[in-house]
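First comes the structure, then the notes that go with it.
The values are calculated or read from the model by the stated rules, or taken from the named source; none is laboratory data. Everything quoted here is computed from the prediction, not taken from an experiment. For neighbour counting, all protein chains shown are included, and Cβ atoms are generated from backbone atoms with ideal geometry for every residue, glycine included.
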Amino acid sequence: MANESMGLLGRKLGMTQLFEDDGTVVPVTVVEAGPCTVLQVKSDEGKDGYNALLLGFGSQKKQRVNKAATGQLKAAGRQDTPPSNRGEIRVDAARVSASSVGDTLTAADVFSAGDYVDVVGTSKGRGFAGVMKRYNFAGFIRSHGTHEFFRHGGSIGTRLTPGHVLKGKKMPGHMGAARTTVQNLKLVKVDAERNLLFLRGGVPGPNGGNVTVRKAIKKG
């Protein structure tokens, strides 16, 4: 089922802490969400076949944008200040009918304190990693004559049947730098003036990394 929860593009700024009235410390991640410009409106009644908003966030130099994107940005009035991050947000038909190219969406327009959100980002790259770091393997026993086999992954298959390594076998390889979603984070505070969201818990990716924040699918 397609996700039709509204959201915004943003940037992870880092972590801090807030204090509740009773003195409880709340660890939060600060995300700059918006302002986002609507670059394109897609409708299931048109040639696109689905409802979505193409949003732009941030800014970059004009010479870094190709001609195809320049024409799209010109219609939205962003040809002089092209966004550095563009992405689609699946929405419902009501949101599509109420949106038009060039509209600006802020954090306060979409979110409010107490909401639950899903955050999509790119996890930190860890390079080439073994099975103990990548999958939390226990490793081998370190006694009774074990020789140079402490951090190995063990057997990866059999000889004749099936005669090959099964797909999805957990083995050493590239770790991180993958699309990651953290669900059901509580939105503790919204700073409307600075378009900042204070989310309880951690958010994937490094500080300064691009993220997408949208209303939670599983928890309203």
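A few remarks follow.
- Filtered by the rule that a residue be free of Cβ contacts under 8 Å to residues at least 12 places away in the same chain and under 27 Å from the mean Cα position of the chain (by Cα), the range 115-151 gives a lone residue, N136.
- When restricted to residues that are among the β-branched types (V, I, T) and either under 20 Å from D92 (Cα atoms) or touching an Asp or Glu at 6+ places or on another chain (Cβ under 9 Å) (or both), the range 1-29 contains 1.
- Considering (1) over 15 Å from G121 (Cα atoms); (2) assigned by TED's automatic domain parsing to the domain that holds K12; (3) modelled with pLDDT of 95 or more, the lone condition that K170 does not fulfil carries the number (2).
- Test: residue in the range 130-139 that is at pLDDT 95 or above and exposed (fewer than 10 other Cβ atoms within 10 Å of the Cβ): yes
- Test: Q72 is free of Cβ contacts under 8 Å to residues at least 60 places away in the same chain, touching a helix residue (DSSP H, G or I) at 6+ places or on another chain (Cβ under 6 Å) and not basic (K, R): no
- The number of residues in the range 183-198 that are buried (at least 17 other Cβ atoms within 10 Å of the Cβ) and assigned to a strand (DSSP E or B) comes to 8.
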